[in-house]
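Beneath this line is the structure, given in structure tokens, with notes to follow.
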Amino acid sequence: QVQLVESGGGLVQAGGSLRLSCAASGRTFVGLAIGWFRQAPGKEREFLAAISYGSATYYRDSVKGRFTISRDNAKSTVYLQMDSLKPEDTAVYYCAAHDSFAVLQKTPRSWGQGTQVTVSS
């Protein structure tokens, strides 16, 4: 079982940027697909972006061009660079993992504890 720990959240003004990190431990990072999700108050958790072990990527349409997912396999870490942030991006951001890139978006196997992102107007 992989353990995931997110970091990098915080308070930022609209138009600003943040980079979130997701550090994995507990099992090999080899072959693991990682995704980012978020949950705003009163809303369902939603998928944002995913990256395969080979660095293929997939994004939710609403974040394309603003968010960039990347990974450093040597550090067992995945990043989410978020630019041009909007107040509606305010949420708890989670990373999640699955061995299958195709399955990850719908049914991740492991979750981190989340990191709060707040965007002020």
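The values are calculated or read from the model by the stated rules, or taken from the named source; none is laboratory data. All values derive from a computational prediction rather than experimental measurement. When we count neighbours, we look across all protein chains shown, and the Cβ atoms used for this are built from the backbone with ideal geometry, even at glycine. Protein only, heavy atoms only, side chains kept; ligands, DNA and RNA dropped before computing areas. Shrake-Rupley method; radii C 1.70, N 1.55, O 1.52, S 1.80 Å.
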**Request:** May I ask you to evaluate 6.51 cos²θ - 1.76 cosθ + 1.60, the Karplus curve with θ = phi - 60°, for each residue of segment 47-64 and list the ³J(HN,Hα) values in order in whole Hz, giving x for glycine and proline?
**Result:** 6, 10, 7, 9, 9, 7, 4, x, 6, 5, 10, 8, 10, 5, 4, 5, 10, 4
**Fill in**
quick shape note, the chain: Cα extents on principal axes in Å, largest first -> 41, 26, 25
**Prompt:** Among Leu80, Gly54, Val92, which residue has its Cα positioned farthest towards the positive end of the charge dipole of segment 46-97, with +1 placed on the Cβ of Lys and Arg, -1 on the Cβ of Asp and Glu, and the dipole taken about the Cα centre?
**Reply:** Gly54
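Give the ranking of Tyr93, Tyr58, Tyr79, Tyr53 by solvent-accessible surface, highest area first, calculated with a 1.4 Å probe.
Working: Tyr93 0, Tyr58 115, Tyr79 30, Tyr53 80 Å².
Sorted by accessible area, descending: Tyr58, Tyr53, Tyr79, Tyr93.
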**Prompt:** Looking only at Arg109, Arg60, Arg27, which one moves most when the chain is put into a Gaussian network model with springs between Cα atoms under 10 Å?
**Reply:** Arg27
**Request:** Using a 1.4 Å probe and ignoring any ligands, DNA or RNA, find the accessible area of Thr90 and quote it in Å² to the nearest 10.
**Result:** 40 Å²
**Message:** For segment 4-80, what does the accessible surface come to per residue with a 1.4 Å probe? Please give it in Å².
**Reply:** 49 Å²
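Please report the carbon-and-sulfur percent of the accessible area for the chain; probe 1.4 Å, protein heavy atoms only, DNA, RNA and ligands left out.
49 percent
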**Complete:** Going residue by residue through segment 71-88, the Karplus relation 6.51 cos²θ - 1.76 cosθ + 1.60 with θ = phi - 60° gives ³J(HN,Hα) values, rounded to whole Hz and with x marking Gly or Pro, of 8, 10, 5, 5, 9, 6, 9, 10, 10, 10, 7, 10, 10, 6, 5, 10, x, 6
**Asked** For the chain, how many pairs of lysine residues have a Cα-Cα distance under 22 Å, where the two are 8 or more positions apart or belong to different chains?
**Response** 5
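What is segment 41-82's relative contact order, in percent, from Cα pairs under 8 angstrom and six or more apart in sequence?
Values: 41 pairs, mean separation 11.9, N = 42.
Averaging sequence separation for qualifying contacts and normalising by length gives 28 percent for segment 41-82.
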**Asked** For segment 59-121 and segment 1-58, what is the separation of their Cα centres, given in Å?
**Response** 3 Å
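Relative to the present Cα-Cα distance, how much length would full extension add between Gln113 and Arg45 at 0.36 nm per residue of separation? Walk me through the numbers before you get to the answer.
Values: separation 68, 0.36 × 68 = 24.48 nm, distance 1.33 nm.
Separation in residues times 0.36 nm, less the Cα-Cα distance, equals 23.2 nm.
Give me the percent relative contact order of the chain, please, defined on Cα pairs under 8 angstrom at least 6 residues apart. Don't jump to the answer; show the numbers that get you there.
Details: 304 pairs, mean separation 44.1, N = 121.
Value for the chain: 36 percent.
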**Prompt:** Modelled label-to-label distance, Ser121 and Lys106, 7 Å Cα→beta-carbon offset: nm?
**Reply:** 3.7 nm
**Helix-derived mean residue ellipticity, 222 nm - over the chain, DSSP H n ≥ 4, -39500 (n - 2.57), to 500** = -500 deg cm²/dmol
